[in-house]
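Notes for the one structure printed next.
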Amino acid sequence: MGKTFAFGVPLLQRITAGTAARPLSGAPRALVVVPTRELCIQVTADLTLAAKYLSAEDGRRLSVVSIYGGRPYEPQVEALRAGADVVVGTPGRLLDLCQQGFLQLGGLSVLVLDEADEMLDLGFLPDIERIRGRSPPTGNPCCSRRPCRTRSLPWRAPSWCSPRTSGPRHRTRRPPTTPPSSSSTAPTRWTRWRW
């Protein structure tokens, strides 16, 4: 719940703020890509809880929809047709529904890769690239082709991120070390990339 809320609350605030780039019309404004269906279910439940009291301008409740393989397409397609402001899904099923025309990513304001290192380990890089390629163009001068996105990634991910970044738009920091009496392992190095 804590990690999901760390990106979920700002995500929800960004798409529901009065200054949001695109109004909430029932078309997806945020996409959270996760590696497994279990994580998809968990993230959907957490975001639904966080969005419990949020609504669109027309008074409709904010909807969070889960899209993952291993279950029939029909309920997922119906949920998308009914209106999905936030979509949480696994790469394969997301791409399937995009290719069939049921999921439109042209109106996205936010794209989150949750557990990006695990997705890379599982071989989802081509799917992530195709999903990223379907994100809308922007007029932002720092990123002329795609919306600027910031991600916190473990140290293994920079080899994937390096060719996709431009200029010195990254910074690295190490979390504070834990006391020696703790049983935890050495701290993980996290890199924040912007492209």
Quick check on region 71-86. Is at least one of its residues in a loop (DSSP other than H, G, I, E, B) and surrounded by fewer than 17 Cβ atoms within 10 Å (Cβ to Cβ)? yes
Of the residues that make up region 50-57, is at least one modelled with pLDDT of 90 or more and within 23 Å of ARG130 (Cβ to Cβ)? no
Checking the condition at pLDDT below 80, exposed (fewer than 15 other Cβ atoms within 10 Å of the Cβ) and either out of contact with any helix residue (DSSP H, G or I) (no Cβ under 6 Å at 6 or more places or on another chain) or not in a helix (DSSP H, G or I) (or both), which residue from GLY101, GLY139, GLY92 passes? GLY139
Between a first residue in region 125-136 that is farther than 15 Å from GLN100 by Cβ and a second residue that is of a type in the set (Val, Ile, Thr) and outside any helix (DSSP H, G or I), which pairs have beta carbons less than 7 Å apart while being 6 or more apart in sequence or on different chains? ILE128/VAL33
Please state which of the following conditions PRO147 fails to meet, knowing it meets all the rest: (1) modelled with pLDDT of 55 or more; (2) surrounded by 14 or more Cβ atoms within 10 Å (Cβ to Cβ); (3) assigned to a loop (DSSP other than H, G, I, E, B). (1)
What about GLN13, is it polar (S, T, N, Q) and within 26 Å of GLY123 (Cβ to Cβ)? no
Please identify the pairs in which a residue from region 46-61 that is surrounded by 13 or more Cβ atoms within 10 Å (Cβ to Cβ) has its Cβ atom under 9 Å from the Cβ atom of a residue that is part of a loop (DSSP other than H, G, I, E, B) and of a type in the set (S, T, N, Q), counting only partners at least 6 apart or on another chain. THR48/SER63; ALA51/SER63; ALA56/SER25; ALA56/SER63
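The values are calculated or read from the model by the stated rules, or taken from the named source; none is laboratory data. On a predicted model such as this, the values are computed, not experimentally measured, just so you know. Don't worry about glycine lacking a Cβ; one is built from the backbone with ideal geometry, like all the others, and counts go over all protein chains shown.
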